[in-house]
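Every read-out reported here was derived from the displayed coordinates using simple, explicitly stated rules and does not represent laboratory data. Note that this is a predicted model, so its numbers are computed, not measured. FYI the Cβ positions are ideal-geometry reconstructions off the backbone, even for glycines, and counts take in every protein chain you see.
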């Protein structure tokens, strides 16, 4: 099942890793499900997109559960009640500040040792991220390229001064990340104990305004002032007639390779600490990337540039062994991309909503599926299946009905059944489809900047019969 933790129910302004997350795991177990795909968990920018984050390693502090802070003894029930009745904006940072003060004065020796171990294990990114957060706070959220030159260019004396003056806040950010990883680890253990794997998502590119680009500029194609020379995106495709201009800086692949892809190995290692399986978003970018001149208003006038994906995955395989990765191989896919994916045995993706826009040769139709793939009714970037089906023309809807052999069962269940009956080794169904929800419940519309990443479900939408129905269908199709 596909659901971002921010879409969980709860009292606070967005879902988190607290009691409702555990209830969702119990729902999955009762429904006979074995995989929860959660999407990226990093700290987003103001648009809330988990695919454009302030760090490729850090967790989103907005996912920290206030209730679990109380359970740890780092927050009192009275403190929590004060925030529960007050304004919600910015309250989690204040709660974490209260918890940090309590931790400093009252934590057990075991907790303190565990915290120090966390900081040492994550030291390769944590210090830079905490310093970046402190600087961003000093400059009212301005991106790092707009900071004073000594800070923008990481001059040692300027950074040392900030470390001294903002030591308390820097420590709080480190503690915040410790708490996030602790809460996620506990949730993951709870899920794994119930035979549920956690499925993450790794965007290939990094947000320009991020700790990673600021701290390691030499790994990205930037000019002397730190501005991108070219930016990432994709050419025109199913989602957009002008392509997608993502704005991420491109990697300086020669430098990454010269250091043995250490940067990528550290990134994958962080994700494997969080997840059992990882989807690599925009896998085709490991064979060639679409480079767009930075002054182009759309993605149309870009070019494909080859990258050393073969060498990268060889290095990853040597470090981690069998790679528990899924390749997002949607869009313009060449024979070279397919060879790279197949060489490392990575499953590709099959999207059923894409299956009915041509004829019987469409590769997304179930009769073309292969076992080493993951089938979806739709992804977080698609409309809900009910919404998609409702927008089809009468002839398109007739084609879908005829192919699926619909016998009166309401959408999206015929498409869900088709996904479950596929030979693909894994079938993923978005929670919106499980709940039979329409377009107003869509998670994201690519190419738009407003109204995305805010959807949440409620337990009132989950009927008593639903987990039994899911469990029955899962058993019926041998999943």
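Taking one equal scatterer on every alpha-carbon of segment 88-152, how large is log10 of I(q)/I(0) by Debye at q = 0.20 1/Å?
Taking Cα atoms of segment 88-152 as identical point scatterers yields -0.98.
Can you put 278, 96 in order, fewest other beta carbons within 10 Å first?
The most exposed by this proxy come first: 278, 96.
Against the globular-protein guess of 2.2 N^0.38 Å, express the Cα radius of gyration of segment 274-324 as a ratio, rounded to two decimals. If you can, show how the numbers build up before the last one.
Values: Rg = 14.7 Å, N = 51, 2.2 N^0.38 = 9.8 Å.
Taking the Cα Rg and dividing by 2.2 N^0.38 Å, one obtains 1.50.
Counting only C-alpha contacts under 8 Å and six or more residues apart, can you give the relative contact order of segment 366-419 as a whole percent?
Numbers: 20 pairs, mean separation 25.4, N = 54.
After rounding, I find 47 percent.
Before rounding to the nearest 500, sum -39500 (n - 2.57) across all DSSP H runs of length at least 4 in the chain and divide by the residue total; then give [θ] at 222 nm in deg cm²/dmol.
-12500 deg cm²/dmol
Separation of segment 346-396 and segment 27-91 by C-alpha centroid, Å?
Cα centres, segment 346-396 to segment 27-91: 32 Å.
Convex hull over the alpha-carbon atoms of segment 130-289: what's its volume per residue in Å³?
153 Å³
Fewest Cβ neighbours within 10 Å first, please rank 469, 391 accordingly. Show your work: numbers first, answer last.
Working: 469 14, 391 11.
So the residues, fewest neighbours to most, are 391, 469.
Could you let me know the centre-to-centre spacing of segment 276-319 and segment 190-256, using Cα atoms, in angstrom?
9 Å
Using Cβ counts within 10 Å as a stand-in for footprinting exposure, how do 368, 57 rank, fewest first?
Ordered from fewest to most neighbouring Cβ atoms within 10 Å, 368, 57 come out as 368, 57.
Please report, in whole Å, how far the alpha carbons of segment 435-479 spread along each principal axis, starting with the longest.
40, 25, 14
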